[in-house]
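Okay, structure first, notes after.
Computed from the coordinates by the stated procedures, all read-outs in this text should not be read as laboratory data. This is a predicted model, so every value here is computed, not measured. Note that we place each Cβ from the backbone using ideal geometry, even for glycine, and neighbour counts take in every protein chain shown.
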Ligand code: PMP
C-alpha cells in the first residue's frame, strides 16, 4: 500500500492500524458473518461498538458517565451551529467569541434563535491572532458562551481558555479534539465533526454535561433535540454506524499511543519542527498568525512573501509526496494540517523542504 504525507485539513489522514481495522470490519465483525456495514444498529454486534466508543470518549477526556453523555450525530459540526441555539436559546442570548470563518457561521445560525453577544473578536486583525479583550456580556438572558478552540482556516488555537463570566462554556472542537491536553470538565458541551482528529466524515461527536442538558428546551423537533438523543443513548434513529466503528478504532489507537497527553506532546513537537523552519527565513515566509502563543499545533498557516512562487512551492512539495498544503481559499497561502495521525517524519520532511526552498 502506498502512503503519501497527507496534509489535508479534513477529511484528513487516519492511522494505518485504524484503516486496517475498518477494512477488516468492512468484511466481517465479531465472527458474525456480516460486515459492520450490514449489521442492525439494534443488534449486539453494533451495540458493543457503540457503547464501547461512548466509554472511550469519556475516558480520553477524563470525564465521568455520571456527569456527561456522549452522542454520535449526523449533519457535521455545521448542524451543531444550529442545533445548539435551537435547543438552548429560542429568545434568549448567548455570548460568542468571533475568531474566524467558522465562528462566523456558528453566530449566523444562532441569530435565527436569539441574540448573539459578541464578547471578543479579532476581526480587525483579520483573525491573525485571538482576541485579547474578551469580556463576558453579563446579559441576564445569556445561556452559554461559545468558542472555536482551533480555527482551522486561520491557524489560531486557544490554549488558555477565555473568561465566560460563569456561563456554561460550549466549544466547537472540530479541528483539535483530543489533539491537545485540556481540562475537558471546563466545558458544558463539546462538539466536533470527526473528519479531522477523530475518524471519517459522517459522524459528529457531541459530549454534553447532564446539568447543562437539563436546561435545554423541550419544544424542539425530536430529531434535533439533544434530550431525545441522550434519552436513547444516541440510538434514537439509525446512528452513523460505520463512522462510530471507525471513531472507536481511532480512540483505541489514541490509547495505544499513550493517551491524549502522549499524542498532544508529539503534536507540539511536530508543530515546532515546522514553525522553526519557517521562522528561520523571515525574508521568504510570512507566518499568517501574528502572536506566537496563538499558533495552532494542528493547522499551521503561512504565505510566501513572493506569491508568484506559490505554484512552484506546491509542485515541489508534491514531488516529495507531500499533498494538501494549499491554504484555504478564503486566506490563500499554505496550510499544513498535522492532526494526531500525521507522522513526525512528515513534519521533518516538510521542515527540510521549507529550508531547501528558502535557500534556493
Ligand atoms: N468548525 C470547524 C472549526 C471546522 O474546521 C469545520 C470543518 N472544516 C466545521 C466547523 C464544519 O464542519 P462540518 O463540515 O463537519 O459541518
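Here are some notes:
- Pair residue 330, residue 51: separation of 7 Å Cα→Cβ label points (nm): 4.1 nm
- Beta bridge orientation in the chain: antiparallel %, DSSP, nearest 5: 55 percent
- Distance cut-off 17 Å, percentage of C-alpha pairs in segment 156-244 lying past it: 56 percent
- Dividing the mean sequence gap of close Cα pairs (under 8 Å, 6+ apart) by how many residues segment 162-304 holds gives a relative contact order of 20 percent.
- Three principal axis extents of segment 233-360 based on alpha-carbon atoms, in descending order, are 55, 30, 29 Å.
- Spacing of the two label points (7 Å from each Cα toward its C-beta) at residue 228 and residue 256, in nm: 3.7 nm
- Counting all C-alpha pairs of segment 288-360, share separated by more than 15 Å (%): 56 percent
- Here the calculated FRET efficiency for residue 236 and residue 183, from their Cβ-Cβ distance with R0 = 45 Å, stands at 0.90, rounded to the nearest 0.05.
- Using the Cβ-Cβ distance between residue 272 and residue 352 with R0 set to 25 Å, the FRET efficiency from 1/(1 + (r/R0)^6) comes to roughly 0.95.
- All alpha carbon pair distances within segment 1-144 were sorted into 5 Å bins beginning at 0; the resulting P(r) in whole percents reads 2, 8, 11, 11, 14, 15, 13, 10, 8, 6, 2, 0.
- Using C-alpha pairs below 8 Å separated by at least 6 residues, the relative contact order for the chain is 23 percent.
- At R0 = 41 Å, FRET efficiency that the Cβ-Cβ distance of residue 67 and residue 308 yields, to 0.05: 0.15
- A straight line joining the Cα centroids of segment 1-67 and segment 198-219 runs 19 Å.
- For segment 104-178 versus segment 225-284, the inter-centroid distance based on Cα atoms is 20 Å.
- For segment 1-82, radius of gyration divided by Kirkwood radius, i.e. Rg to Rh on alpha-carbons: 1.02
- Projected onto planes of every orientation and averaged, the convex hull of the alpha-carbon atoms in the chain covers 17.9 nm².
- Only helices enter the 222 nm calculation for the chain: every DSSP H run of n ≥ 4 contributes -39,500 (n - 2.57), and dividing by all residues gives -11000 deg cm²/dmol, rounded to 500.
- Shape of segment 76-214, Cα gyration tensor, a/c cut at 1.5: rounded
- In a fully extended conformation the segment linking residue 37 and residue 215 would gain 60.5 nm over its present Cα-Cα distance, using 0.36 nm per residue.
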